[in-house]
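Following: one structure in structure tokens, then a few remarks.
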Amino acid sequence: MLKIHRYSLILIPLFFIFSCSENKSVDIEIPLTSEVEKLVNHSKEFERMVTTYETPGGKIHFAIGYGIANSIMVEGIDGNIIIDTADSVYEAEQIYKIFRKKNSNPIKAIIYTHNHGDHTFGAAFYNTIQSEKPIIIAHEDTDFYMQRILGIINPIISERSTRMFGTIIDEDDFINVGIGASLNVGKSVAGYVKPNQTFKDQLNLSIAGIDIELHHAPGETNDQLFVWLPKHKALMPGDNVYKTFPNLYTIRGTTHRDVIGWINSIDQMRALNADYIFPSHTLPILGADISPTLTIYRDGIQYVHDQTIRLMNKGFYPNEIVEMIELPENIRNSPFLYEFYGTVRWSVRSIFNGYLGWFSGNPTDLDPLTNKEEAIRFAKIVGGNDPLFIALEEAVKNSDMQWALELSDRLLILEYKIDEVNNLRKQALTYLGKRSSNPNKRNYFLTSAIELNSDFKGFPKAERNEDLMKQISLDTIFKILSVSYDPTKHDNSVYKVCFNFLSGTNKTITLRNHIAAISENDFEDCNLSVEADDFDFKKVLGGIQSPVGSIADGSISIEGSNTAFLNFLLKFR
Ligand SMILES: [Zn+2]
């Protein structure tokens with residue numbers, strides 16, 4: 001009999017806070033750098049507190065240090081608004097306990113500055129505290145990007161985020177995440193709530209007597225907005241301004257970030273002459289500090305952008321440009337541009353890639369040798385695998401750790417002394433991680449070292465969450481299915497399954513030419529017809545509900561063979 005237990009095609013992107021039990025000691029000395037001490041000091045930027053600012057337009061309460069992102073409450077006449085909801089329902093609740101003491105009027109609206117979970121996952125909390133749910137306002141593309149994060153780029157985006165935010169590294173090794181104390185998404189279920197009021201370029205509105213201007217402001221994300229409260233002279237720039245070099249590229253992975261858009265967005269903000277800036281990460285910027293800060297910030301970005309393009313046009317390749325660009329001293333020394341989050345080097349590569357794509361231009365790079373061929377030939381030149389291994393040992397002994405990583409890559413491909421190589425590689429990762437003052441790199445390397453422990457069991461799996469499944473659209477579910485299709489599990493005959501959902505939505509999946517084609521208007525010649533409640537179907541694909549149970553209790557009914565349907569699902573596992 002065919003056995004299908006609960007399984008998941010969708011991995012909900014939660015980032016985890018569990019500590020890793022195994023922290024095998026590495027027996028080389030790792031001297032601390034003064035740069036790492038600076039990073040330790042940088043934690044003062046997000047010590048936990050709620051501060052009230054009396055502005056000309058009324059009170060603004062600013063919560064920092066609860067998880068990674070700030071949350072802001074603006075007081076109105078008979079209600080308040082929340083700008084960004086923190087990274088979890090848990091943190092939103094902690095923050096609101098304080099906000100409520102300041103002013104307990106109902107929350108009339110929530111504004112997301114952009115789609116990222118550290119700004120949106122606390123929203124569901126506000127649906128639980130009052131009968132009238134707050135309206136959720138965002139840019140019109142916010143849900144599109146959220147669906148993509150929840151959908152087809154999972155689980156890879158979660159895994160890389162777990163590394164970058166260091167959520168499983170040992171407490172003693174963890175310092176901060178550059179723009180916040182720590183990511184606490186894993187403390188509760190992800191409480192994203194889909195926006196119900198959106199706009200394209202600009203939206204002016206008045207809520208509870210608060211005059212609000214929302215401006216689309218591409219930068220850190222394409223759906224980014226900034227909030228301008230003209231009566232308060234207060235600006236909420238989202239993630240387009242915070243106190244570290246901006247993340248023009250994020251190593252957890254992202255689509256190309258619009259660097260010119262980012263500069264333009266900051267120029268728009270400069271023109272407002274704000275008296276208060278309440279960023280979504282790090283402390284507020286006030287009064288006379290605002291203008292010089294915004295200016296050097298946008299100039300730092302423009303410098304990296306323009307010099308990358310200039311050198312690109314001279315025919316230099318990304319690896320070369322990375323070596324050629326350094327921020328001028330006055331920009332480099334601005335406390336707003338230390339590389340505690342983004343770096344110039346990664347930005348250069350991303351800007352190059354954004355304009356010219358992945359091909360460096362060097363013919364060697366177009367169709368390079370496979371990694372395996374390269375490793376075999378490399379070993380041959382140095383006299384074999386053993387001399388290569390000795391070179392790795394030497395590199396580690398001399399703390400020449402990037403070289404050690406590159407040698408270990410080749411030895412692992414050659415499958416030579418895998419355990420010893422992994423142990424040396426772990427030492428290199430630990431050394432480089434602990435000496436890095438960039439928390440993204442630091443956390444990524446230290447996590448990668450943990451992954452080499454023999455008892456590493458993979459990243460902890462997210463708790464399934466029905467509320468979040470409700471926020472994932474059926475379109476997203478079918479996109480996930482198409483990119484999860486394993487063509488080796490089908491004989492490549494044409495096979496069509498037609499879905500009729502109770503909501504009235506109809507979809508088909510046709511297996512043909514080694515792909516799963518999704519359609520909404522092609523209902524002839526179905527091999528199987530499936531009727532299902534939308535939510536039950538999502539729960540089955542999310543692993544919350546078993547397909548066998550759903551067929552048995554009638555929430556999914558199949559016209560055709562039940563076994564054939566279960567077999568069909570297995571092709572997407
Ligand atoms: Zn953020």
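Could you please find all residues in segment 335-376 being hydrophobic (A, V, I, L, M, F, W, C) and open to solvent by 40 Å² or more (accessible area, probe 1.4 Å)?
So in segment 335-376, the residues hydrophobic (A, V, I, L, M, F, W, C) come out as 336-337, 340, 344, 346, 348, 351-352, 356, 358-359, 366, 369, 375-376.
Within segment 335-376, Trp346, Leu356, Trp358, Phe359, Leu366, Leu369, Ile376 qualify.
Please enumerate the residues belonging to segment 379-420 that are charged (D, E, K, R) and either assigned to a helix (DSSP H, G or I) or touching a Ser or Thr at 6+ places or on another chain (Cβ under 6 Å) (or both). So that I can check it myself, show each step before the final result.
Our first condition is that a residue be charged (D, E, K, R); within segment 379-420, this holds for 380, 386, 393-394, 397, 400, 406, 409-410, 415, 417, 419-420.
Once the filter is applied, which keeps residues that are charged (D, E, K, R) and either assigned to a helix (DSSP H, G or I) or touching a Ser or Thr at 6+ places or on another chain (Cβ under 6 Å) (or both), segment 379-420 yields Lys380, Asp386, Glu393, Glu394, Lys397, Glu406, Asp409, Arg410, Asp419, Glu420.
Answer with yes or no whether Met164 is open to solvent by less than 30 Å² (accessible area, probe 1.4 Å), under 25 Å from Asp78 (Cα atoms) and at pLDDT 95 or above.
Working: open to solvent by less than 30 Å² (accessible area, probe 1.4 Å): yes; under 25 Å from Asp78 (Cα atoms): no; at pLDDT 95 or above: yes.
When the stated conditions are applied, Met164 does not pass them.
If I go through segment 256-281 residue by residue, how many of them are under 19 Å from Ser347 (Cβ atoms) and within 12 Å of the ligand (Cβ to nearest atom)?
Counting residues in segment 256-281 that are under 19 Å from Ser347 (Cβ atoms) and within 12 Å of the ligand (Cβ to nearest atom) gives 1.
Which one of Ile68, Ile77, Ile81, Ile72 is out of contact with any strand residue (DSSP E or B) (no Cβ under 6 Å at 6 or more places or on another chain) and either open to solvent by less than 20 Å² (accessible area, probe 1.4 Å) or within 16 Å of the ligand (Cβ to nearest atom) (or both)? Even if it seems obvious, please write down each step before you answer.
Working: Ile77 fails: either open to solvent by less than 20 Å² (accessible area, probe 1.4 Å) or within 16 Å of the ligand (Cβ to nearest atom) (or both); Ile81 fails: out of contact with any strand residue (DSSP E or B) (no Cβ under 6 Å at 6 or more places or on another chain); Ile72 fails: out of contact with any strand residue (DSSP E or B) (no Cβ under 6 Å at 6 or more places or on another chain).
Just one listed residue meets the conditions, Ile68.
Looking only at residues that are more than 23 Å from Ser347 (Cβ to Cβ) and away from the ligand (no atom under 15 Å from the Cβ) in segment 282-294, which one is least open to solvent (accessible area, probe 1.4 Å)? If you could, list the steps in order and put the result at the bottom.
Going residue by residue through segment 282-294, those that are more than 23 Å from Ser347 (Cβ to Cβ) are 283-284, 286-291.
Going one step further and asking which of them are away from the ligand (no atom under 15 Å from the Cβ), we end up with 284, 286-291.
On the way: Pro284: 26, Leu286: 71, Gly287: 38, Ala288: 92, Asp289: 92, Ile290: 10, Ser291: 76 Å².
My answer is Ile290.
Being open to solvent by 50 Å² or more (accessible area, probe 1.4 Å) and either in a loop (DSSP other than H, G, I, E, B) or modelled with pLDDT under 95 (or both) is the filter here; which residues of segment 263-281 pass it? Reasoning before the result, please.
We begin by selecting, within segment 263-281, every residue open to solvent by 50 Å² or more (accessible area, probe 1.4 Å); these are 264, 268, 270-271, 273, 275.
If the condition is that a residue be open to solvent by 50 Å² or more (accessible area, probe 1.4 Å) and either in a loop (DSSP other than H, G, I, E, B) or modelled with pLDDT under 95 (or both), then Ala271, Asn273, Asp275 are the ones that fit.
Give me a count of the residues in segment 417-434 that are open to solvent by 30 Å² or more (accessible area, probe 1.4 Å) and within 24 Å of the chain's Cα centre (by Cα). Lay out the reasoning, then the answer.
Here is the first cut: in segment 417-434, the residues open to solvent by 30 Å² or more (accessible area, probe 1.4 Å) are 417-420, 422-423, 425, 432, 434.
Checking which are within 24 Å of the chain's Cα centre (by Cα) leaves us with 432, 434.
Residues flagged as open to solvent by 30 Å² or more (accessible area, probe 1.4 Å) and within 24 Å of the chain's Cα centre (by Cα) within segment 417-434 amount to 2.
Do any strands (runs of 3 or more DSSP E) lying entirely in segment 190-255 carry at least 3 residues that are away from the ligand (no atom under 16 Å from the Cβ), and which ones are they? Let's see the steps before the verdict.
Details: elements: 197-199, 202-207, 210-216, 225-229, 234-236.
Counting at least 3 such residues, we get 197-199, 202-207, 210-216.
So Ile107 clears everything in (1) open to solvent by less than 10 Å² (accessible area, probe 1.4 Å); (2) touching a residue at least 40 places away in the same chain (Cβ under 8 Å) except one condition, right? Which one?
(2)
Does Asn240 meet the test of being without any contact (Cβ under 8 Å) to a residue 40 or more places away in the chain and buried (at least 19 other Cβ atoms within 10 Å of the Cβ)?
Values: without any contact (Cβ under 8 Å) to a residue 40 or more places away in the chain: yes; buried (at least 19 other Cβ atoms within 10 Å of the Cβ): yes.
Yes; evaluated as a whole, the condition is true for this residue.
Out of all the residues in segment 200-212, is one or more touching a residue at least 60 places away in the same chain (Cβ under 8 Å) and under 30 Å from Glu37 (Cβ atoms)?
No, segment 200-212 has no match at all.
When Asp173 is evaluated against the numbered criteria (1) surrounded by fewer than 23 Cβ atoms within 10 Å (Cβ to Cβ); (2) within 16 Å of the ligand (Cβ to nearest atom), which criterion, by number, is the only one it fails?
(2)
Does Ser557 qualify as being in contact with a helix residue (DSSP H, G or I) (Cβ under 9 Å, 6 or more places away or on another chain) and over 20 Å from Val483 (Cβ atoms)?
Values: in contact with a helix residue (DSSP H, G or I) (Cβ under 9 Å, 6 or more places away or on another chain): yes; over 20 Å from Val483 (Cβ atoms): yes.
It is true that Ser557 is in contact with a helix residue (DSSP H, G or I) (Cβ under 9 Å, 6 or more places away or on another chain) and over 20 Å from Val483 (Cβ atoms).
From the set of residues in segment 115-137 that are more than 13 Å from the ligand (Cβ to nearest atom) and touching an Asp or Glu at 6+ places or on another chain (Cβ under 7 Å), which is nearest to Arg100 (Cα to Cα)? Lay out the reasoning, then the answer.
Filtering segment 115-137 for residues more than 13 Å from the ligand (Cβ to nearest atom) gives 123-137.
When the remaining residues are screened for being touching an Asp or Glu at 6+ places or on another chain (Cβ under 7 Å), the result is 124-125.
Numbers: Ala124: 17, Phe125: 13 Å.
Result: Phe125.
What number goes with the only condition from (1) open to solvent by 10 Å² or more (accessible area, probe 1.4 Å); (2) closer than 27 Å to Val193 by Cα that Asp553 does not pass?
Only one criterion is unmet by Asp553, namely (2).
Mind checking which helices (runs of 4 or more DSSP H) fall wholly inside segment 479-573 and carry at least 2 residues that are more than 23 Å from Ile149 (Cβ to Cβ)?
On the way: elements: 534-541, 547-552, 562-570.
Passing ranges, in order: 547-552, 562-570.
Exactly one of (1) within 22 Å of Leu229 (Cβ to Cβ); (2) in a helix (DSSP H, G or I) is unmet by Tyr303. Its number?
(1)
The values are calculated or read from the model by the stated rules, or taken from the named source; none is laboratory data. In this text, all values refer to a predicted model and were calculated from it rather than measured experimentally. Counting neighbours? That spans all protein chains shown, and the Cβs are built from the backbone with ideal geometry, glycine included. Accessible surface is based on the protein model in full, side chains and every heavy atom, while ligands, DNA and RNA are left aside. Shrake-Rupley method; radii C 1.70, N 1.55, O 1.52, S 1.80 Å.
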